[in-house]
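The values are calculated or read from the model by the stated rules, or taken from the named source; none is laboratory data. This one's a predicted model, so the numbers in the text were calculated from it and none came from an experiment. When we count neighbours, we look across all protein chains shown, and the Cβ atoms used for this are built from the backbone with ideal geometry, even at glycine. SASA here: full protein model, heavy atoms, side chains in, ligands and nucleic acids out. Shrake-Rupley method; radii C 1.70, N 1.55, O 1.52, S 1.80 Å.
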Amino acid sequence: MTAHPDTRTEADDVRRFWEGLGLPGLVDVHTHFMPERVLRKVWAYFDALGPLTGGVEWPITYREEEAARAALLREFGVRAFTAMLYPHKPGMAPWLNDWAAGFAARTPDCLHTSTLFPEPGVVDHVRDAVDAGARVFKAHVQVGAYDPADESLDGAWGLLAEAGVPVVIHCGSGPAPGKHTGPGPIARVLARHPRLRLIVAHLGMPEYEDFLDLAERYGEVRLDTTMAFTDFSERLAPFPRRALPRLAALGDRVLLGSDFPNIPYPYLHQLHALERLGLGDAWLRAVCHDNAARLFGLPG
Ligand SMILES: [Zn+2]
């Protein structure tokens, strides 16, 4: 018995969603693939309702082997996805980056993902990863428990801004705040690196409006939709209705993200959660495919 709905039915429904919009598929900028033993630890953490889950029940819907998870994304018609992975201590990032390079090599539809941590050598780690072909980075301010504006990261942000490589960054204070989460530290990073291509994960949940401010101020700041607007998140951190026009106006810088496979509901629900915002088909096309396809230069 699996906890999630019959995957064939769900894949059919997901495909119907993007076909109905006239899209060639989906691009999901926020999916998790990581070394198996790290992923098991993440799942155990969610199962045990660790403090960073905010004490909320978090049943993992897609608890499958790696190959099955990638295959399922393909069945959904996800043309390109990422391997979000992140260190929680020094010394881990190069090892994770090596694994991610191997994963990308054997998974051509994965956008080669890397990560970083404030530690001696971080600029070299980032340069190595970019030279090895990394197309996107992941930074996790809450799990890493570091200040993204820390001086030791300045060179790394500068290098990534220069290279134009986007960084998906979990920097909002959801589902539970960390010492350095929230818009303040990120605003300091952007003040120094205004062209840094930050993709604010989870739409900055729960500080949505503060992160909309930053996106309006900095033209290279984007937002991913990961878990936003779902029933699960709306209960914990509702998106303020008054901010919907701002979300509509930023429609060319909002990107589909899902948190697959670590989600407590079916993948389709994220898509329906976007649809029911009522921002229209053009907005959905941009968010679910076109914006990320342009950012990552995917073939038409
Ligand atoms: Zn995530």
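Scoring F103 on the criteria (1) buried (at least 17 other Cβ atoms within 10 Å of the Cβ); (2) within 17 Å of the chain's Cα centre (by Cα); (3) in contact (Cβ under 8 Å) with a residue 60 or more places away in the chain leaves a single failure, condition (2).
Go through region 31-66 and give me each residue that's among the acidic types (D, E), more than 19 Å from S233 (Cα to Cα) and in contact (Cβ under 8 Å) with a residue 60 or more places away in the chain.
Taking region 31-66 as the starting set, the residues that turn out to be among the acidic types (D, E) are 36, 47, 57, 64-66.
Now narrow it down to the ones that are more than 19 Å from S233 (Cα to Cα): 36, 64-66.
Hit for region 31-66 is E64, nothing else.
Being in contact with a Leu (Cβ under 9 Å, 6 or more places away or on another chain), closer than 22 Å to N291 by Cβ, free of Cβ contacts under 8 Å to residues at least 60 places away in the same chain and not in a helix (DSSP H, G or I), is that true of even one residue in region 155-165? Yes, because at least one residue in region 155-165 is in contact with a Leu (Cβ under 9 Å, 6 or more places away or on another chain), closer than 22 Å to N291 by Cβ, free of Cβ contacts under 8 Å to residues at least 60 places away in the same chain and not in a helix (DSSP H, G or I).
Of all residues in region 56-97, how many are hydroxyl-bearing (S, T, Y), part of a loop (DSSP other than H, G, I, E, B) and within 30 Å of D124 (Cβ to Cβ)? Count: 1. Within region 184-210, restricting attention to residues that are of a type in the set (G, A, S) and open to solvent by less than 10 Å² (accessible area, probe 1.4 Å), the residue that is farthest from the ligand (Cβ to nearest atom) is G204. Selection of region 77-93 for residues being open to solvent by 20 Å² or more (accessible area, probe 1.4 Å) and closer than 17 Å to V143 by Cα yields Y86, H88, K89, P90, G91, M92. The C-beta contact set for region 171-188 (first residue on the phi > 0 side of the Ramachandran plot, second residue part of a loop (DSSP other than H, G, I, E, B) and not basic (K, R), distance under 6 angstrom, 6+ apart or interchain) comprises G182/S173; G182/E207.
Determine, yes or no, whether V14 is at pLDDT 95 or above, crowded, with 19+ Cβ neighbours inside 10 Å and in contact with a strand residue (DSSP E or B) (Cβ under 7 Å, 6 or more places away or on another chain). For V14, the condition - at pLDDT 95 or above, crowded, with 19+ Cβ neighbours inside 10 Å and in contact with a strand residue (DSSP E or B) (Cβ under 7 Å, 6 or more places away or on another chain) - is not met.
What tally of residues in region 211-238 results from selecting those that are open to solvent by 30 Å² or more (accessible area, probe 1.4 Å) and away from the ligand (no atom under 16 Å from the Cβ)? So the answer is 9. Applying a threshold of 9 Å to beta carbon distances and a minimum spacing of six or more residues, or different chains, the list of pairs starting in region 67-87 at a residue that is more than 14 Å from D28 (Cα to Cα) and ending at one that is more than 16 Å from the ligand (Cβ to nearest atom) and small (G, A, S) reads Y86/A93; P87/A93.
Of the residues making up region 245-272, those that are more than 16 Å from the ligand (Cβ to nearest atom) and either closer than 20 Å to A215 by Cα or open to solvent by less than 10 Å² (accessible area, probe 1.4 Å) (or both) number 11. Does C110 satisfy the condition of being under 29 Å from L236 (Cα atoms) and either open to solvent by less than 20 Å² (accessible area, probe 1.4 Å) or among the β-branched types (V, I, T) (or both)? Considered against the rule, which asks whether it is under 29 Å from L236 (Cα atoms) and either open to solvent by less than 20 Å² (accessible area, probe 1.4 Å) or among the β-branched types (V, I, T) (or both), C110 comes out as no.
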